[in-house]
Amino acid sequence: PAMTIVETPCQIHPTPSAMSISTIVIAGFPQDAPMRERKNAARLLAGFESAHCNLKSGTVFAKFDSPESAQAAADFLSTNPYDMDDEAAGGLKCELAKRELEVRDTPQKKIWPTPFGKGGAMAPAPMAMAPMARMAPAPAPFYSAPASYGGPPSAGIDTVAVTKVTQQGWTPESVNDLFGSMPGFVVCQYNERIDGCFVKFNSARAAAAAVQKGPAVGVQVQLAKRSLELEGKGGGKGAAAAPPSYPAYDSWSAAPPAKKPRTEPTGGNVDTLALMKLATQGLTPEGVAATFAGMAGYVTYQYNERIDGCFIKFSDAGTTTRAKSQAASMGLQVEMAKRSLQVLS
């Protein structure tokens, strides 16, 4: 008689060790995603405890309070677009890690509130419908400009100030190029006497947004005490900016004024190293800082996003030279900076 073979479905169950893993691996970030943004990708998900970002590969390890929370977070991150402006790119690549992420105890660990419920789904907040007359007032604006910046956009200030331009390692042209790419930019004027730039925007909201973006691009900026006045305001098209007794670079077609003579040490007394083209070398600003922070005489570092370079300051020229040799032995393409990095007190 013929034999009939009946195939029955077989379900593969994870091993007990895999079922107890509460750490996920997150990859697939856009190349321009900063490390801090990657590390916080899962911070608002239910059960989140800690995260670690690999500075070399950009991969993130996120620890949760239970395997169920970890699996829910992985499902949420992989099925929802990471970038709202590029939904076609889809979600991130997430999977359970092979081992747990060790969470170091830190004093006064802050537990962040989460809008997500158990399992990573949005938890509906209990809400009682109220008549229109009893509705709560509109929420506060998304920004919160410090008081020293002249207040929120309602104050009407549409101009930002960048002081000590050269001490920050910038030039009037580079300041103009930086803010000229931001929404609402109108004109940039440079005051040689105080070495400061005043950048006018078409609204107070655009100026406040520029202030918030300043630290991210490595420039110290704040709202000006008053808005920059333009000549011929209301006088039709083509009104030019009125330079208040100092050169203004409206179109930046003219050459900037001669630079002031430098008083900081030069030549053999330079105490700063320069590490350029970080992306080409497969490095990140955070990774560079961590590498040099362990060397003798390290003081601070400054990253210039425009040129993709880091400037690392040491206590003196001797420790700088030794750090240069140590970095070169590690395969880093580092050189002495042209001048010492100025640290603002």
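The values are calculated or read from the model by the stated rules, or taken from the named source; none is laboratory data. This structure is a prediction, so every number in the text was calculated from the model and none was measured. Virtual Cβ from ideal backbone geometry, glycine too; neighbours counted across all protein chains shown. Note: areas computed on protein heavy atoms with side chains; ligands, DNA, RNA excluded. Shrake-Rupley method; radii C 1.70, N 1.55, O 1.52, S 1.80 Å.
Structure summary
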| item | result |
| --- | --- |
| Sequence-distant residues sharing a close amide H with LEU223 (under 5 Å, placed H) | ALA161 |
| Isotropically averaged projected area of region 152-227, using the convex hull of Cα atoms (one quarter of hull area), nm² | 4.3 |
| Rg/Rh ratio calculated on Cα atoms of region 296-345 (Kirkwood radius) | 0.95 |
| For region 60-107 versus region 42-59, the gap between their alpha-carbon centres in whole angstrom | 7 |
| When each of LYS39/LYS324; LYS63/LYS98; LYS63/LYS213; LYS277/LYS338; LYS39/LYS93; LYS213/LYS277 is checked by Cα-Cα distance, pairs over 24 Å | LYS39/LYS324; LYS63/LYS213 |
| Rounded to the nearest 10 Å², the accessible area of LYS93 at probe 1.4 Å | 150 |
| Total formal charge among the other residues, if their Cβ is under 12 angstrom from that of ALA210, Lys/Arg +1 and Asp/Glu -1 | +2 |
